[in-house]
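Below: the structure, in structure tokens.
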Amino acid sequence: MSDKILMAPIQGVTDYHFRNTYQKFFEGVDVLYSPFLRLDKDMQLKKSKLKDVLPENNVNINLVPQILTNNSAEFIYLSKQMFDLGYKHLNWNLGCPFAMVINRELGSGLLPHFDKIKGLLEKVIPVIPLKLSIKMRIGLESEDDIFKILPILDNYPISEIIIHPRTGKQMYKGEVNTDVFEKCLSLTKHKVCYNGDINTLEDFQNLKNRFENVSSWMIGRGLVTNPFLAEQIKQTVKNTHENKMSRFKEFHDALAKEYLDRLEGSSHFLNKMRIFWEYFSLSFSNSHKVYKRIKKATSVDKYNIAVEQNCTNENWIV
Ligand SMILES: Cc1cc2nc3c(=O)[nH]c(=O)nc-3n(C[C@H](O)[C@H](O)[C@H](O)COP(=O)(O)O)c2cc1C
């Protein structure tokens, strides 16, 4: 299959512990994107952020670092820093929908400011030493933004535009606007990647049938919920339902070990694993009960019992 699967960045979820463990247990993902990096007031990356993209923490991972900025000096600084770490490809976030971000004209908050986007690219493109892709929503409040931005982007060497066809105002809810995505395909000369709500093999197949010339697919929540999804799409491994549960359990145990070894205090560990189970539970029969067992666990021992119950009493349903 020539289609490429990209793992979407999910802040707080797809960190290097998750990415490494995922890559050890599952096939099918071609490229993984880091959650966004942002400089603080002193033009520094937080230690934990830098750690997430250090090559020694991402061995055998085809990682693309992502940045969130609306400032050319920061853009250039971060791109040089990533280049010095050995990266050849940088991704620019024009999609983040959180109020704190959009109020600062960052992420999807920058989308209505076409001149700023143009001004930034004008300054950074001639000097950044790596190829640049963009991950964007269709607009802050309406798709009018992307219709105006795509012709601007045609003037620059952008390696790929990843489009999540929602507005920033929609956050992560409501329908993805596939009609707007379709229109975007005819408004750009650049390679376009589709992102948004690919949660099942059927979702992928429907989109592939409609957008047959698209060959790049970014998946976030769907991959965390069902880590087998990329294999199902690529048809690389034949999974029976029984071996799925045992493969999931092995993956889970390795992931849990990563955090148990590194997070201080059981409450940090339990909070972290709860985030994952919000996703994993959706692939189990009795999702609600599965999540509740995890949520109720107040110690690592109780957590382990809850996991055991989930994996023996319930079925893997996707
Ligand atoms: C909790 C959360 C954190 C996210 N963090 C990032 C991020 O750091 N950078 C980014 O480009 N997108 C981020 N996203 C958006 C996803 O990458 C993706 O575009 C979105 O979830 C739609 O794709 P999906 O339906 O396959 O998950 C985040 C999404 C969620 C739910």
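A few points about this structure:
- At 0.692 mPa s and 37 °C, Stokes diffusion of segment 241-313 via Kirkwood alpha-carbon radius, µm² per second: 268
- Distribution of pairwise C-alpha distances over segment 127-172, 5 Å bins, in %: 5, 21, 28, 21, 13, 9, 3
- Under the convention that each Lys and Arg Cβ holds +1 and each Asp and Glu Cβ holds -1, the size of the dipole of the chain around its Cα centre is about 480 debye.
- Computed over segment 241-313: relative contact order in percent, which uses C-alpha pairs under 8 Å that are six or more apart: 27
- Length gained on full extension, Ser215 to Gln11, computed as 0.36 nm times the residue gap minus the Cα-Cα distance: 70.9 nm.
- The number of Lys pairs in segment 241-313 with C-alpha atoms less than 22 Å apart, excluding pairs fewer than 8 positions apart on the same chain, is 22.
- Binning all Cα-Cα separations of segment 170-318 at 5 Å, short to long from zero, yields these whole-percent fractions: 2, 8, 16, 18, 15, 13, 11, 8, 5, 3, 1, 0.
- Across segment 34-73, the fraction of Cα-Cα pairs farther apart than 16 Å, rounded to a whole number, is 36%.
- Overall form of segment 27-96 per C-alpha gyration tensor (a/c, 1.5; a/b vs b/c): prolate
- Springs between Cα atoms under 10 Å define the GNM used for the chain, and in it the highest mean-square fluctuation of Leu132, Leu263, Leu201 occurs at Leu263.
- Distance from segment 79-143 to segment 261-299 (C-alpha centre basis), Å: 34
- Principal-axis analysis of the Cα atoms of the chain puts helix 266-280 at an angle of about 80° to the longest axis.
- Anchor Lys123: lysines whose Cα lies under 27 Å away (excluding residues fewer than 8 positions away in-chain): Lys41, Lys46, Lys49, Lys80, Lys88, Lys131, Lys135, Lys148, Lys189, Lys191
- Three principal axis lengths of the chain [C-alpha, angstrom, descending]: 56, 46, 33
- The antiparallel fraction among DSSP beta bridges confined to the chain stands at about 5%.
- Taking the convex hull of Cα positions in segment 148-204, its mean projected area over all directions (nm²): 4.5
- Relative to the longest principal axis of the Cα atoms of the chain, the long axis of helix 287-296 lies at roughly 80 degrees.
- Helix 72-84 and the longest principal axis of the Cα set of the chain meet at an angle near 50°.
- Relative contact order, percent, segment 4-234 [alpha-carbon distance under 8 Å, six or more residues apart]: 19
- Dimensionless Rg over Rh [segment 1-139; C-alpha; Kirkwood]: 0.96
- Excluding same-chain neighbours fewer than eight residues apart, the aspartates and glutamates reachable from Lys169 by a Cα-Cα span under 20 Å are Glu105, Glu141, Glu143, Asp144, Asp145, Asp179, Asp197.
- Computed lengthening from Asp40 to Leu187, 0.36 nm per intervening residue step minus Cα-Cα distance: 49.4 nm
A short reminder: the numbers here are calculations on the coordinates, not readings from a lab. The structure displayed is predicted, hence computed values, not measured ones. Virtual Cβ from ideal backbone geometry, glycine too; neighbours counted across all protein chains shown.
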